[in-house]
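Engineer: Provided herewith is a single structure, encoded as structure tokens, for subsequent inquiry.
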Amino acid sequence: MTLTISAPAPRKNPVEEPPAAVIDRVSLVLDAFDGPGRLTLAQIVRRTGLPRSSAHRILDRLVQLRWLRRNGRDYELGMRLVELGSLAVHQDRLHRAAIPKLHELHAATGLVVHLAVLDGSDIVYMEKIGNRLATALPSRVGGRQPAHCTALGKAMLAYRDERNLELCQSGGLTRRTRYSISSPAQLREELARVRARGVAFDREEAVPGFGCVAAPIGDPGDAVAAVSVCGPIKHMSFDQRMVATLRMAALGIWRAVEDGTVRVAPTLQPVRPLHGRPNRPVSAGLPA
């Protein structure tokens, strides 16, 4: 009689988590840093709902990997995330195609130039170009704003399906300033005007004292992104000249995307400064 002894089945480590669960927890921790400033372990535990021991273990590992930095009891985003984020932006085809046109637009107007995409009910800034005037605007690359408050968001919502509009309305139309759109009826009327003009306006709806003009980027009747110029409301021009400038820039960016090249045609012709002063950018006469 032959006795066969089977090898014992490998025991599972009861502490070991499935890979998906680990990734979800790491994502929760990183998402807690969606905003300015540093966070303590207690704040991260409150924001994520994770057990304190699990959060502490994940934070320690993320610090070792340079995804986070630790300064005393505080944690903040690390250089590895900065490096990866910069790589992601610069590898993006739309971003590469847009960069020459964005610089050209800033040089022609003297205003702050933004490139953004729509993510649910928010816009996400992909690029921001400007001089000292840019520091007065709270926008930043990777930052978010409610779409219905911004010219960029309205330029895209006007050409997207109902799902994005429903997302905006489902969470309530938060007012950033007293000029912000606050009702679904107002928003639908405004989007109809955007489709009629081909551009969207923001007159102090997102940031007090500032206005923007934005144009959608994409095929006719569609919008995969938007480009805008922003500046102090008293120095902004909402006339046909600015409308034509933005639409030309958006068209040039989309042609570059479709061609797979950063060369953009037609070339944006320099426009007269919005102050009416020759050879001087709009921001030149503004206070620091």
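Engineer: Could you grab the pairs with beta carbons closer than 6 Å, sequence gap of 6+ or different chains, first residue in the stretch 148-159 and in contact (Cβ under 8 Å) with a residue 40 or more places away in the chain and more than 20 Å from ARG178 (Cβ to Cβ), second one in a loop (DSSP other than H, G, I, E, B) and of a type in the set (Asp, Glu)?
Structural biologist: TYR159/ASP222
Engineer: Right, here's the next one. Take the conditions at pLDDT 90 or above, closer than 18 Å to VAL227 by Cβ, part of a helix (DSSP H, G or I) and touching a Ser or Thr at 6+ places or on another chain (Cβ under 6 Å) and apply them to LEU152. Does it pass?
Structural biologist: Considered against the rule, which asks whether it is at pLDDT 90 or above, closer than 18 Å to VAL227 by Cβ, part of a helix (DSSP H, G or I) and touching a Ser or Thr at 6+ places or on another chain (Cβ under 6 Å), LEU152 comes out as yes.
Engineer: Within the stretch 206-247, take every residue that is under 15 Å from ALA97 (Cβ atoms) and not in a strand (DSSP E or B) and give me the one that is nearest to the chain's Cα centre (by Cα).
Structural biologist: The extreme case among them is VAL224.
Engineer: While we're on this one: crowded, with 17+ Cβ neighbours inside 10 Å, without any contact (Cβ under 8 Å) to a residue 24 or more places away in the chain and assigned by TED's automatic domain parsing to the domain that holds ILE217, is that true of LYS128?
Structural biologist: Spelling it out, LYS128 is indeed crowded, with 17+ Cβ neighbours inside 10 Å, without any contact (Cβ under 8 Å) to a residue 24 or more places away in the chain and assigned by TED's automatic domain parsing to the domain that holds ILE217.
Engineer: Let me ask you something else. Considering only residues that are among the polar types (S, T, N, Q) and surrounded by fewer than 14 Cβ atoms within 10 Å (Cβ to Cβ), which ones fall in the stretch 171-181?
Structural biologist: THR174
Engineer: Another question, if that's okay. Within the stretch 58-83, restricting attention to residues that are part of a helix (DSSP H, G or I) and not charged (D, E, K, R), which residue is surrounded by the fewest Cβ atoms within 10 Å (Cβ to Cβ)?
Structural biologist: Top of the filtered list is GLN64.
Engineer: A further question on this structure: Output the number of the condition that GLY142 fails; it satisfies all remaining conditions of (1) under 16 Å from CYS230 (Cα atoms); (2) touching a strand residue (DSSP E or B) at 6+ places or on another chain (Cβ under 7 Å).
Structural biologist: (1)
Engineer: List the pairs whose first member sits in the stretch 56-70 and is on the phi > 0 side of the Ramachandran plot, whose second member is surrounded by 14 or more Cβ atoms within 10 Å (Cβ to Cβ) and basic (Lys, Arg), and whose Cβ atoms are under 9 Å apart, counting only residues at least 6 apart or on separate chains?
Structural biologist: From the stretch 56-70, the pairs are ARG66/ARG80.
The values are calculated or read from the model by the stated rules, or taken from the named source; none is laboratory data. It should be emphasised that the depicted structure is a prediction, and the values quoted were computed from it without experimental measurement. Note that we place each Cβ from the backbone using ideal geometry, even for glycine, and neighbour counts take in every protein chain shown.
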